[in-house]
Amino acid sequence: MNIPGNIITLIAGILLTLISLWYGQNHGLMPVEASEGAAQVDGLFNLMMTIATGLFLIVEGVLIYSIIRFRRKKGDRTDGPPIEGNVPLEIVWTAIPTVIVFILAVYSFEVYNNLGGLDPETSRDFPQEEMQMAENGAKLVAFNPHQGHLSLGIGSSKADLEVDVNGIQYAWIFTYPDTGVVTGELHVPVNKQVKLNMKAGDVIHAFWVPQLRLKQDVLPGRDSELSFKANKIGEYPIICAELCGPYHGGMKTVLHVDSEEDYQAWVQENTIASLEDKEETMALLSQPMTEESRLEMHSHHLGVTPETLAQLH
Ligand SMILES: [Cu+2]
């Protein structure tokens, strides 16, 4: 049986396309999508995965085929043919990646813009008079990082709930300005527009919730914002995504996306509780943490006894 070469190439091409398209949608690498906007990030990731799968199959396929098909015959001691460059081939394999990178660049820019990352209104808050000076032709002093603020997320202008976030070594502190609740775990109601106003107390941290597909830097001396609408009830990890010190790995907590009723119940419960121990909490937070108290805090989670700790010292 002898099938012509171009038919085999065609069949291989169709198979490769189908496998790439299927795997691009079914890789199962991403966690749950829990926010509006998450699907856009996944759309971009899935396209990259589709392209990467296709390239992987082409490269590995040709490699394996060549190893078998063109292997040295028994007793053959001659050199291979001296091949020197192939201009059309080189043009093709330069042009294809260029087009792919260009498409991905435009697409990812589009997604980032849709997520509010490029909004000039929010990302560069120059004071009014400085803007006026700039318009009048006065030289605008170099962009002052302490004046601008970073903003990311959909719908920052119409928040139903605002929460102040303070990132410190090594914890996230959430303050609800409306009720005065101070907490270590973030609770938000489902399907409500939430805006986090974030500050760092010491060094650079980053607030990351993989399920929301959002990550924002939290910087000392510069405000940053993160806006989202969580659309799936559940518990998701909040992770510090910026190496911020020796216990950076322990700087994580939980985002609770509650139903409206659960959220209200939680607020009720904590408003009463927080009134009682607010002073205590504030006193605790204002105390500088020693190496021992930090270790103790973390050893608590790990089930290490004070005796073991004492031996370490
Ligand atoms: Cu951190």
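A few remarks follow.
- Exposure proxy ranking for 224, 259, based on other Cβ atoms within 10 angstrom of each Cβ and starting from the fewest, stands as 259, 224.
- Using the Karplus relation 6.51 cos²θ - 1.76 cosθ + 1.60 with θ = phi - 60°, the per-residue 3J(HN,Hα) values for the stretch 183-195 come to 8, x, 10, 8, 10, 9, x, 5, 6, 10, 6, 10, 10 Hz, with x marking Gly and Pro.
- Quarter of Cα convex hull surface for the stretch 1-77, i.e. mean projection, nm²: 7.8
- Under 20 Å from residue 252, Cα to Cα: lysines that are on another chain or at least 8 residues apart: 195, 199, 215
- 3J(HN,Hα) from dihedral phi, the stretch 29-35, Karplus parametrisation 6.51/-1.76/1.60, rounded to Hz, x for glycine, proline: 8, 8, x, 3, 8, 10, 9
- Contact order normalised by residue count of the stretch 1-109, Cα under 8 Å, 6+ apart, percent: 30
- Listed peptides 71-77, 183-189, 233-239 by packing density, highest first (mean Cβ within 10 Å): 183-189, 233-239, 71-77
- Sparse packing (at most 11 other Cβ atoms within 10 Å of the Cβ) combined with a DSSP loop state is found for the following GluC sites (Glu not before Pro) in the stretch 1-109: 84.
- Enclosed volume per residue, in Å³, of the convex hull spanned by Cα atoms of the stretch 199-248: 77
Throughout, read-outs are computed from the coordinates displayed, never taken from laboratory work. Please read all numbers here as calculations on a predicted model, not as lab measurements. All Cβ positions, glycine included, derive from the backbone under ideal geometry; neighbour counts span all protein chains shown.
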